[in-house]
Amino acid sequence: MPAQPDHQAPVIAFYSAWDGQRTYVNPRTVIKTLRQRRIPPQARILDIGFGNGEIALAVAQAYPQGRIEGMDLTERNVKLAQNKAAQRGVGNITFRMGNAERWRPAAGVYHAVILMQVMQFIAEPDALLQRVFRALRPGGAILFATPFLPPDAALHAFFLDAYARVIPNSFQYRTEDAWYAGLFDAGFERIYTAKAHWEPAAQPPDWQARYRRATAAHGVDYETARRHTWGGLISARKPE
Ligand SMILES: C[S@@+](CC[C@H](N)C(=O)[O-])C[C@H]1O[C@@H](n2cnc3c(N)ncnc32)[C@H](O)[C@@H]1O
């Protein structure tokens with residue numbers, strides 16, 4: 001059996017070599033959502049796919065009585081994040097290597113599980129939603145951020161390509177409605193989205209260039225694409 005499924009090899013290669021500069025979601029948005037979800041001060045919180053660790057570290061500082069755990073595919077990210085925690089004197093956090101696709105959690109452990117810009121790498125996201133549901137305590141929350149496909153299916157081929165170019169080796173994109181259906185099927189309730197228009201012109205230059213190349217490749221007019229470029233932070237609750 002391979003060490004990991006084939007689609008993960010390029011993801012591991014990319015996040016083993018990257019400079020770790022980019023934080024994909026504003027940590028303040030994540031903390032605000034945790035508070036809206038009434039995640040208590042002593043919470044145990046898991047960040048799956050923590051990347052450069054900035055979000056998990058900000059959560060740990062916002063929850064000084066909490067216990068924060070980070071799990072990511074690459075050793076580079078673990079070292080990067082552990083060094084930051086040591087340098088900043090953040091003691092209520094641990095980072096480890098782990099693969100969300102192989103993760104088999106104990107039941108009822110976490111008050112919150114966060115996955116920021118990670119779902120797009122997961123081959124079977126519905127199975128992962130079910131595992132997160134199991135891992136949560138009653139009343140606990142899942143938070144995940146991801147770009148959405150627009151409702152208009154005619155634009156899906158463009159967006160699948162554009163998003164994969166912008167976030168290399170990503171492939172799993174859905175409409176917001178489809179994510180809601182997956183959450184509902186897994187047993188979650190009180191599902192809502194902090195929706196965000198992903199303004200192409202406000203993105204870093206390399207992203208803009210790749211996005212424009214995708215519009216050209218698909219013959220999609222830029223203004224149409226721009227108007228449909230939405231993502232968001234979806235959160236939902238495991239019933240009490
Ligand atoms: C786009 S980055 C997002 C990083 C961070 N969450 C943020 O928002 O800044 C995706 C991260 O997910 C990790 N990742 C991808 N697939 C994973 C998996 N199956 N298990 C754990 N981590 C994974 C990658 O290694 C990478 O660090």
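When the Cα positions of 229, 57, 147 are compared along the charge dipole of the chain, 57 comes out farthest toward the positive end, with charges on each C-beta of Lys, Arg, Asp and Glu. With a Förster radius of 30 Å applied to the C-beta separation of residue 227 and residue 181, the computed FRET efficiency comes to 0.80. Taking amide H atoms as placed 1.01 Å from N in the peptide plane, the amide H of residue 112 lies under 5 Å from those of 44, 46, 141, each 5 or more residues away in sequence or on another chain. Label zone (residue 79, point 7 Å along Cα-to-C-beta; backbone nitrogen cut-off 12 Å) within the stretch 13-54: 16-18.
With a/c under 1.5 counting as rounded, go ahead and sort the stretch 96-163 into rounded, prolate or oblate using the C-alpha gyration tensor (a ≥ b ≥ c being the square roots of the eigenvalues; past the cut-off, prolate if a/b is larger than b/c, else oblate). Since a/c reaches 1.5 and a/b is larger than b/c, the shape of the stretch 96-163 is classed as prolate. Between amide H atoms placed 1.01 Å from N, distances below 5 Å from residue 148 occur with 230, 231, 232, all of them 5 or more places distant or on a separate chain.
Normalising the Debye intensity of the stretch 6-237 to I(0), with uniform scatterers on Cα atoms only, and taking log10 at q = 0.09, 0.11, 0.15 Å⁻¹ returns -0.36, -0.54, -1.03. As a ratio to 2.2 N^0.38 Å, the alpha-carbon radius of gyration computed for the stretch 140-218 takes the value 1.22. Using R₀ = 35 Å, calculate the FRET efficiency as 1/(1 + (r/R₀)^6) where r is the Cβ-Cβ separation of residue 202 and residue 88; round to 0.05. With R0 = 35 Å, the Cβ-Cβ based efficiency is 0.75. Computed from point charges on the beta carbon alone (+1 for Lys and Arg, -1 for Asp and Glu), the dipole magnitude for the chain about its Cα centre is near 880 Debye. Each residue of the stretch 123-138 is assigned a 3J(HN,Hα), and the resulting list reads 5, 10, x, 5, 5, 5, 4, 5, 5, 4, 4, 4, 5, 7, 6, x Hz, derived from the Karplus form 6.51 cos²θ - 1.76 cosθ + 1.60 (θ = phi - 60°), x at Gly and Pro.
For the stretch 189-200, backbone phi angles converted through the Karplus equation (6.51, -1.76, 1.60; θ = phi - 60°) give residue-by-residue couplings of 9, 6, 8, 8, 10, 8, 7, 9, 6, 8, 6, x Hz, Gly and Pro being listed as x.
As an exercise, take the mean of 1/r over every pair of distinct alpha carbons in the stretch 1-77, invert it, and state the Kirkwood radius in angstroms. Can you show the working numbers first?
Numbers: mean 1/r = 0.0728 Å⁻¹.
For the stretch 1-77, inverting the mean 1/r across all distinct Cα pairs yields 13.7 Å.
Values in this text are rule-based calculations from the coordinates and carry no lab data. On a predicted model such as this, the values are computed, not experimentally measured, just so you know. Don't worry about glycine lacking a Cβ; one is built from the backbone with ideal geometry, like all the others, and counts go over all protein chains shown.
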